[in-house]
Each structure stands twice: as structure tokens, then as C-alpha cells.
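Trainee: So that we are looking at the same thing, I have put the structure below in C-alpha cells.
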Amino acid sequence: MKRRRFCETLAGTGFLLGTGAGATLNRVWAFQNTANLSHVEARYYKKHPDREIECLLCPRICKLGDKERGYCGVRQNDGGTYYTLVYGKACSANIDPIEKKPFFHFLPGTDAFSIATAGCNVNCKFCQNWQISQVRAEQVPHFDLPPVEVAAAAERTGCRSVAYTYTEPTVFFEYMYDSAVEARRKGLKNCVVTAGHIQPEPLQDLLKVVDAVKIDLKAFRQDFYKEYVRGELQPVLESIRMVSRSKVWLEIVYLVIPTLNDAEQDIRSMCRWMAKEIGRDIPLHFTRFQPMYLVKNLPPTPISTLESLRDIAIQEEMHYVYVGNVPGHSAENTYCPRCRSTVIERFGMQVKAVAMNKGACGSCQYPIPGIWA
Ligand code: SF4
């Protein structure tokens with residue numbers, strides 16, 4: 001089913017659609033009462049005396065009294081039991097090209113049924129989706145879309161995967177996990193778009209039911225994380241390590257913000273860390289910043305900056321380095337590291353041509369890592 005028909009189908013069922021990453025919700029038909037939150041017991045928390053709880057899902061480890069909510073705004077202590085308020089409560093559902101996430105080595109040219117709920121456990125000052133991430137659950141229109149219906153809608157619309165994206169899926173962990181189980185039952189794959197700010201135990205469990213993870217590494221400096229993300233770098237690096245050591249496919253995105261995280265020495269250090277800890281085959285995307293949310297005083301990233309950072313990564317012998325958000329740039333393509341042939345040609349989010357044979361370069365047969373079928 002093509003996107004237009006899918007939109008018409010959802011319109012008929014009263015779904016609300018978002019336009020996806022970088023955009024606000026754009027169409028509202030009939031949606032549920034916005035106070036209609038879920039009351040499903042959360043996973044990964046500890047009970048303490050006096051009805052207090054400690055959330056163990058992400059590195060914030062929120063400690064909360066009765067009736068208090070975590071930093072992410074979508075999990076609440078109710079009488080000493082912790083609940084997720086957004087289970088099955090999607091605020092966005094779209095069909096996106098997988099290249100939009102971006103995944104470049106994971107089912108290229110296919111669509112992903114993409115969902116989000118409200119909430120986030122970090123607070124990036126340059127967030128592209130702040131209208132749905134930096135709000136409490138009841139502050140954004142949402143609709144009922146339980147896991148079984150996520151999988152059914154993905155199958156019905158011809159998507160090859162379900163993507164958990166737009167906001168931070170860690171905060172809707174239970175919904176994501178159960179949807180991934182349902183999607184797998186139907187033979188679909190699952191991919192996660194995350195900042196990687198999650199504790200090791202839930203991540204380990206998640207890796208059993210998903211196929212690909214894209215982690216936004218927002219800088220290679222703790223001071224940047226503290227000031228612009230309100231989070232911690234080390235747990236993100238630990239998540240990257242953990243995914244790379246699993247069977248789940250990993251790609252890294254680095255949004256380059258002029259003057260804030262574009263120092264060449266930092267990029268060199270990051271590439272050396274990657275080469276040592278996760279290997280040179282993990283795709284690395286340098287994407288272009290656009291002024292957004294609380295960082296409107298800086299210009300879009302100069303293309304020359306993206307190109308010189310890419311050159312550094314290539315000097316450091318990273319094999320697959322891309323430039324993102326610059327449609328038509330030659331660094332959107334995948335090149336064979338051995339013979340330099342173009343194995344996947346792209347324009348923006350579209351795949352124009354694939355010259356691969358069973359996961360290998362069509363010219364020299366060098367294996368190109370990824371999930372291709
Ligand atoms: S997931 Fe939410 S409630 Fe739990 S520790 Fe993180 S921010 Fe706090």
C-alpha cells in the first residue's frame with residue numbers, strides 16, 4: 001500500500017498522523033480524550049518503603065514519592081507502584097523510508113512503520129521534535145494503538161519493519177518491547193532510533209527482540225552532554241558498545257552543530273574510539289544541523305564542515321562515512337571500501353540503484369556489512 005492510501009485508511013479510522021522527524025503534528029481527525037493515559041505497570045523499577053520507587057530504566061535513576069512523575073514525564077508512581085502512562089498511546093504514526101531514520105545498511109529502499117509516544121529522558125536544546133518529546137503525556141494528542149495493532153498496521157501497509165522513533169523510545173520501553181514481539185510474530189523486523197541513554201539491563205533485554213539500533217551520539221564531550229543534552233556521555237558510549245557486541249545491527253549518527261560539537265580533534269578522538277571499541281564497519285553519519293527549538297542563533301552546518309569531518313573519519317579508516325541532510329551529495333552513497341565502486345546510490349531518502357550481490361560488492365565481491373534481506 002502506498003503512503004497516500006495508508007493516510008486515507010488511517011483518516012477513516014480516526015488516527016492522528018505526525019509528519020515525522022523534524023515536523024509538528026499536522027493532521028488531526030478524531031482523537032481520544034488526551035487525558036486517556038495508560039495505567040500499565042512499568043518494568044525496571046524498585047519499590048522502597050513509604051510508597052517510594054526508584055526507576056531503573058535510564059541513567060537518571062529517578063527516585064519518586066507517591067503521585068510523582070519521572071523526568072521523562074510519562075511514568076508515574078501511584079501508591080508505590082510505578083506505571084507507564086503511554087503504553088499503546090501513540091502520538092505519531094507514519095510510513096517512512098528507512099533511509100529517513102537514517103539506516104543505510106538495513107533493508108535499503110523499504111518502508112518502516114514508525115511510531116512514537118510523548119516524552120523524553122534527555123532535553124536536547126536542538127531537538128527536532130520538541131513539540132512531542134519535551135511535553136508530558138497529556139499535553140499532546142494521542143490515540144490508542146496497542147502493540148497487536150502496530151504490527152497489523154505495519155503488515156497491512158507493506159512495511160518491512162517497525163521503527164520506534166521521533167521521541168526517545170526508551171521512555172515507552174514496554175510499548176516498544178511488546179510491539180516488537182508482535183511485529184516479529186508477523187515476520188517483520190524492528191528498528192530503534194535512540195539517544196542511547198538507557199541502563200544496560202533493559203537494553204540487553206531489548207536487543208533480544210529488535211534487529212537494528214541507530215544511536216545519536218550528540219558529541220564526544222561530557223561538557224556538551226551536560227549543557228546541551230542534560231544527559232551523560234558515558235552511558236551512551238556503553239550502549240553503543242553493548243549494541244556492537246550483540247547480533248543487532250548498529251549505525252551511529254552525529255549531528256554536527258557549528259561551533260558547538262564540530263572540533264576536528266573531537267571527531268578524530270571519536271573515530272579512534274569507534275575503531276577500537278566497535279570497529280570500522282559501523283556506518284557513521286555526519287548530519288546537517290538546522291536552527292531549531294532553543295538553538296536558533298546558529299546557522300545551518302556549512303557543507304564544507306561536514307565534508308572535512310567526513311575526511312577525518314576516512315583518514316581514521318572508518319569504512320562507511322556518510323553526509324546527511326544534504327540531498328544529492330555524493331557522500332549519501334555507499335562505496336565499496338576495497339574497489340571504491342558505488343554499491344548503493346541514493347538521493348536524499350531515495351535509493352536510486354543497488355549494485356550488490358548477496359550482501360557483497362557487485363564489482364569485486366567484497367562483503368558489505370548490514371542486513372540486506
Ligand atoms: S525513564 Fe524516566 S522515570 Fe525512569 S529514570 Fe529515566 S527519566 Fe526517570
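The values are calculated or read from the model by the stated rules, or taken from the named source; none is laboratory data. Everything quoted here is computed from the prediction, not taken from an experiment. Cβ atoms come from the backbone with ideal geometry, glycine included; neighbour counts cover every protein chain shown. Accessible surface areas use protein heavy atoms only, side chains included; no ligands, DNA or RNA. Shrake-Rupley method; radii C 1.70, N 1.55, O 1.52, S 1.80 Å.
Trainee: What is the number of the single condition among (1) open to solvent by 40 Å² or more (accessible area, probe 1.4 Å); (2) touching an Asp or Glu at 6+ places or on another chain (Cβ under 7 Å); (3) among the aliphatic types (A, V, I, L, M) that MET292 does not meet?
Mentor: (2)
Trainee: In addition: Residues being open to solvent by 30 Å² or more (accessible area, probe 1.4 Å), among the aliphatic types (A, V, I, L, M) and not in a loop (DSSP other than H, G, I, E, B): count how many of those fall in the range 45-59.
Mentor: Number of matching residues: 0.
Trainee: Return the residues of the range 82-123 that are polar (S, T, N, Q) and either away from the ligand (no atom under 16 Å from the Cβ) or in contact with an Asp or Glu (Cβ under 6 Å, 6 or more places away or on another chain) (or both); say none if nothing qualifies. Break it down into steps so the answer makes sense when it comes.
Mentor: In the first step, residues of the range 82-123 are kept if they are polar (S, T, N, Q); the result is 84, 92, 94, 110, 114, 117, 121, 123.
Correct list: THR84, SER92, ASN94, THR110, SER114, ASN121.
Trainee: For the range 274-301, which positions are touching a strand residue (DSSP E or B) at 6+ places or on another chain (Cβ under 9 Å) and in a loop (DSSP other than H, G, I, E, B)? Walk me through it before giving the result.
Mentor: Of all residues in the range 274-301, those touching a strand residue (DSSP E or B) at 6+ places or on another chain (Cβ under 9 Å) come to 274, 278, 282-289, 300-301.
If the condition is that a residue be touching a strand residue (DSSP E or B) at 6+ places or on another chain (Cβ under 9 Å) and in a loop (DSSP other than H, G, I, E, B), then ILE278, ILE282, PRO283, PHE289, PRO300, THR301 are the ones that fit.
Trainee: Which ones in the range 324-341 are open to solvent by 20 Å² or more (accessible area, probe 1.4 Å) and either hydroxyl-bearing (Ser, Thr, Tyr) or not in a loop (DSSP other than H, G, I, E, B) (or both)?
Mentor: SER330, TYR335, SER341
Trainee: Something else about it: Looking at (1) at pLDDT below 95; (2) within 15 Å of the chain's Cα centre (by Cα), find the lone condition where PHE103 falls short.
Mentor: (1)
Trainee: Counting just the residues of the range 57-73 that are within 7 Å of the ligand (Cβ to nearest atom) and touching a strand residue (DSSP E or B) at 6+ places or on another chain (Cβ under 8 Å), which one comes out nearest to VAL181 (Cα to Cα)?
Mentor: The residue in question is LEU57.
Trainee: Here are some residues: ASN94, ASN36, ASN123. Which one is crowded, with 23+ Cβ neighbours inside 10 Å and either in contact (Cβ under 8 Å) with a residue 12 or more places away in the chain or part of a loop (DSSP other than H, G, I, E, B) (or both)?
Mentor: Criteria check complete, one pass: ASN94.
Trainee: To continue, here is another question. Can you name the residue in the range 75-91 that is assigned to a loop (DSSP other than H, G, I, E, B) and among the small types (Gly, Ala, Ser) and, of all such residues, is most open to solvent (accessible area, probe 1.4 Å)?
Mentor: GLY79
Trainee: Now for a separate question. Considering the range 60-74 alone, what residues qualify as being surrounded by fewer than 20 Cβ atoms within 10 Å (Cβ to Cβ) and under 27 Å from the mean Cα position of the chain (by Cα)? Explain how you work it out, then say what you get.
Mentor: First, pick out the residues of the range 60-74 that are surrounded by fewer than 20 Cβ atoms within 10 Å (Cβ to Cβ): 60-61, 63, 65-69, 71.
Within the range 60-74, ARG60, ILE61, LYS63, ARG69, TYR71 qualify.
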